[in-house]
1. Only one residue in LEU369, LEU394, LEU352 is at pLDDT below 95, in contact with a strand residue (DSSP E or B) (Cβ under 8 Å, 6 or more places away or on another chain) and outside any loop (DSSP other than H, G, I, E, B). Which one?
2. Could you count how many residues in the range 320-335 are within 20 Å of ASP290 (Cα to Cα) and either within 23 Å of the chain's Cα centre (by Cα) or open to solvent by 40 Å² or more (accessible area, probe 1.4 Å) (or both)?
3. Hey, among the residues in the range 309-337 that are of a type in the set (D, E, K, R) and in a loop (DSSP other than H, G, I, E, B), which one's modelled with the lowest pLDDT?
4. For the range 229-240, does any single residue satisfy the condition of being among the basic types (Lys, Arg), part of a helix (DSSP H, G or I), at pLDDT below 85 and closer than 20 Å to ASP342 by Cα?
5. Spot the failing condition for SER375; the list is (1) closer than 29 Å to PRO313 by Cα; (2) out of contact with any strand residue (DSSP E or B) (no Cβ under 7 Å at 6 or more places or on another chain); (3) at pLDDT 90 or above; (4) not in a helix (DSSP H, G or I), and only one is missed.
6. Need the failing condition index for ALA201 against (1) of a type in the set (A, V, I, L, M, F, W, C); (2) open to solvent by less than 30 Å² (accessible area, probe 1.4 Å); (3) modelled with pLDDT of 85 or more; (4) closer than 30 Å to VAL64 by Cβ, just the number.
7. Restricted to the range 397-409, and to residues that are assigned to a helix (DSSP H, G or I) and within 26 Å of the chain's Cα centre (by Cα), which residue is farthest from GLN241 (Cα to Cα)?
8. Of all residues in the range 356-386, which are of a type in the set (Phe, Trp, Tyr) and under 18 Å from the mean Cα position of the chain (by Cα)?
Amino acid sequence: AGSTLLGMAGDAADDDEDGTRLARTLYICDLRPGLSEAELRPLLENYGEVVSLEHIDCACEEAVAVEYRSLEAAEEACRMLHFGVIRGKTARCLPLSALEGMRGKMDSARRLVVEQLDPDVEARGFHGMCTLFGPVLDCKVELGSGEDERAQGLGFVHYARGEDAEKALSFLGRMRVGASSLSVRRFRPTDMPRFSGCHYAWSLLPGAAVEDDREAGADRGKEVPRSARRSPQERLEACSQHFRSLEYHHVEVVDGMQAKLARLVALLETYEPNQDRQAVVISAAGSVDDVLGRLHETFEAADIGVITASVSPEEQREVAANWETGNIFVLVLADDISSRPDLGLGRAPAILLNLDLPSSVPLLLYRLLERSEASTRIHCLFSCSVDSRLVVPLMTAMEDAGHEMPADLVEMWSAGDQQPTDD
């Protein structure tokens with residue numbers, strides 16, 4: 001059964017007779033989808049006695065928490081498995097004590113984003129470079145979804161101390177590593193969807209509420225989110241099943257922000273959203289203001305709602321209530337929060353317009369599971385310059401689901417001499 005990460009961390013802190021349980025419990029993420037306990041347990045038991053092994057609820061990404069009997073066993077497992085290859089995929093292994101150290105500090109100056117990384121920089125080398133400035137709680141080099149796990153030129157690092165992050169911010173930005181000069185800046189919440197294996201971070205953001213969805217939903221008499229209380233593999237299957245059930249899913253290639261905005265307006269003018277036919281628009285967080293500016297040229301301000309990471313819980317509840325009653329015709333969601341099951345949107349939209357796509361097809365399918373129903377008319381605007389690495393897995397998913405293949409996407413596929421894979 002799946003568990004919430006901070007729920008597990010809280011249990012570990014409350015029931016910690018020798019003060020080591022948080023350090024004896026490891027969070028392992030970036031695992032290959034579908035790994036069973038029967039496959040993982042023998043590997044984990046190489047380092048010592050395993051007390052418990054549980055799947056963690058974090059979108060469609062595979063992650064587990066393993067508690068060892070002894071601190072020595074946990075430390076050895078962490079040394080061997082962190083950035084180790086497990087069934088062909090580079091995994092990360094972090095003690096829960098490190099995640100506790102990041103609680104409330106996800107949007108602080110301790111977390112940095114490193115861009116323009118040389119593609120030849122590997123995870124261990126990146127970690128070693130970052131630790132030159134101080135203890136690191138978490139870091140990764142973002143890898144592609146293909147078998148070769150090609151680096152995407154992007155990474156992040158979360159330091160244990162703010163002063164170390166300041167040093168790294170000052171010096172890393174002047175460094176040349178391999179063939180590239182690094183670009184370093186502070187982490188922003190809008191960076192969250194750019195990295196896989198980091199959905200634990202939602203529960204670590206300041207003010208995030210973590211609770212057992214099933215029990216809380218039953219207590220309040222509310223519908224439990226469709227994604228709640230599933231293991232990652234079960235959630236992937238639910239996403240795939242929902243994707244196959246969609247009655248209308250259209251992907252079109254549109255490049256450039258202005259072209260996307262023009263297409264957005266054209267679609268909304270065609271559908272004419274109203275109280276009974278509402279639309280959700282999902283946009284990159286940095287483009288939300290542009291989207292709102294264009295929408296205000298067509299719709300009354302009172303008919304438009306918006307939820308971003310900066311919206312307060314009170315404002316979010318007010319927007320959700322107006323959506324539920326039909327007072328909002330068009331709701332704009334920033335992509336970094338669009339898949340969160342706690343948004344409180346009680347009913348699915350009639351129209352879902354994905355102005356920007358997430359970093360992987362599993363995350364797209366998870367978004368569709370959370371934000372649509374079978375009858376929702378879904379449009380995805382695919383950018384050649386931004387989404388090119390999604391061509392193969394997206395077309396494979398669409399083919400498996402029996403969806404119509406867009407000619408422009410097929411042309412991109414053919415031009416790249418690519419073949420569908422089972423990503």
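The values are calculated or read from the model by the stated rules, or taken from the named source; none is laboratory data. As the structure is a computational prediction, the values presented were derived from the model and not from experiment. Every residue, glycine as well, gets a Cβ built from its backbone with ideal geometry; the counts of neighbours run over all protein chains shown. Quick note on the areas: whole protein, heavy atoms, side chains included, nothing else; ligands and nucleic acids left out. Shrake-Rupley method; radii C 1.70, N 1.55, O 1.52, S 1.80 Å.
1. Residue meeting the stated conditions: LEU394.
2. Applying the first criterion (within 20 Å of ASP290 (Cα to Cα)) to the range 320-335 yields 328-335.
Now drop any that are not either within 23 Å of the chain's Cα centre (by Cα) or open to solvent by 40 Å² or more (accessible area, probe 1.4 Å) (or both), which leaves 329, 331-335.
Total satisfying the criteria: 6.
3. ASP336
4. Yes: the range 229-240 contains one or more residues that are among the basic types (Lys, Arg), part of a helix (DSSP H, G or I), at pLDDT below 85 and closer than 20 Å to ASP342 by Cα.
5. With respect to (1) closer than 29 Å to PRO313 by Cα; (2) out of contact with any strand residue (DSSP E or B) (no Cβ under 7 Å at 6 or more places or on another chain); (3) at pLDDT 90 or above; (4) not in a helix (DSSP H, G or I), SER375 is out only on (1).
6. Looking at each condition in turn, ALA201 falls short on (3).
7. To start, the set of residues in the range 397-409 that are assigned to a helix (DSSP H, G or I) comprises 397-401, 407-409.
Okay, now just the ones that are also within 26 Å of the chain's Cα centre (by Cα), so 397-401, 409.
On the way: ALA397: 11, MET398: 12, GLU399: 13, ASP400: 11, ALA401: 8, LEU409: 23 Å.
Only one residue tops the list, namely LEU409.
8. TYR366
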